[in-house]
Amino acid sequence: MADRTLKNKRTYVNTDLCIACVSCVAIDDTDTFFMDEDDGWANTKDNNLALEEAAMVCPTQAIFIKSLEEFKQQKERAENDPDN
Ligand code: SF4
């Protein structure tokens, strides 16, 4: 189980942006990325890794690397200001 400390960076997939090209799964040698059989999009296992190479190969910028704290702040901002 990954360390759940709020300030640790981790890698996420925004499935709204994923086009299921599988590039992230192909380049990831940590086996963190997988194609979700339920919805068909890429996703990540629980992790505390900054998988920069996968983010670089993603054609739609669906992969982002943030701490849980940053993720929550971004989500709050988006909910409070849906135009940004
Ligand atoms: S590289 Fe990006 S678009 Fe391709 S499967 Fe992974 S997250 Fe989805």
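Bear in mind that the values in this text are calculations on the coordinates, not laboratory data. Note that this is a predicted model, so its numbers are computed, not measured. Ideal geometry is used to build each Cβ from the backbone, glycine not excepted, and the neighbour counts take in all protein chains shown.
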In whole Hz, with x marking every Gly and Pro, tabulate ³J(HN,Hα) for the range 22-33 from phi via Karplus 6.51 cos²θ - 1.76 cosθ + 1.60, θ = phi - 60°. 6, 4, 5, 5, 5, 8, 7, 8, 9, 6, 7, 7
How large is the dipole of the range 10-80 about the Cα centre if only Lys and Arg carry +1 and Asp and Glu carry -1, each at its Cβ, rounded to the nearest 20 debye? 280
Take every Cα pair under 8 Å in the chain that's 6+ residues apart, average their separations, divide by the length, and report that relative contact order as a whole percent. 40
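Could the peptides 9-18, 26-35 be put in order, highest first, of the mean number of other beta-carbon atoms found within 10 Å of their residues? Can you show the working numbers first?
On the way: 9-18: 17.1, 26-35: 14.5.
Going from most to least packed, we get 9-18, 26-35.
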The whole-number value in µm²/s of the Stokes-Einstein translational diffusion coefficient for the chain, with Rh from the Kirkwood sum over alpha carbon pairs at 25 °C and 0.890 mPa s, is 184
